[in-house]
Amino acid sequence: MPIPATRASAGSRAINGPIYGMNSISPAIRASVKIPSIFIPKSRGYDDQYGRAKRAFDAHATLFLEENQIQSHLINNLKTLFDRKTEMVQNASSFLKTDGAEQAARFLVEKIKS
């Protein structure tokens with residue numbers, strides 16, 4: 001069983017087949033439709049990497065590790081990644097359909113009308 005590639009980007013990591021950083025979470029989620037991912041956000045006051053990664057995790061579309069959990073939980077998360085691949089691929093597809101774009105457009109239309 002191959003181990004997915006990892007890369008440290010400008011302050012964060014995502015683990016999956018293709019290599020992405022947290023600033024590329026949307027492309028990584030799109031890749032998760034075929035290859036599930038593990039996101040490891042970096043804590044930053046100006047960038048809500050944690051929130052983006054947690055929302056994808058809460059939707060069961062990806063896995064999520066905090067930086068202080070890497071050594072103690074990475075192997076178990078990799079096993080989960082492979083065991084739940086089919087479920088996570090389906091959830092990633094559903095998660096992409098709920099990206100908030102439609103809600104934002106409706107909000108803007110309502111604001112323009114009023």
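None of the figures in this text is laboratory data; all of them are computed from the coordinates on show. Because the structure is predicted, anything quoted here is derived from the model rather than measured. FYI the Cβ positions are ideal-geometry reconstructions off the backbone, even for glycines, and counts take in every protein chain you see.
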Given Lys54/Lys85; Lys54/Lys113; Lys42/Lys85, the pairs whose alpha carbons are separated by over 29 Å: Lys54/Lys113
Amide H partners (placed H, <5 Å) of Lys42, local residues excluded: Arg13
Region 68-92-region 40-58 distance, computed between alpha-carbon centres (Å): 17
Long-range amide H partners of Phe64 with built H, under 5 Å: Phe39
Loop-resident sites, region 65-114, for trypsin sites (Lys or Arg not before Pro), counting at most 13 other Cβ within 10 Å (DSSP): Lys97
Residues Asp48 and Leu96, FRET efficiency given R0 of 25 Å [Cβ-Cβ distance, rounded to 0.05]: 0.85
Ranked list, fewest to most other Cβ atoms within 10 Å of each Cβ, for Arg30, Arg52, Arg44: Arg44, Arg30, Arg52
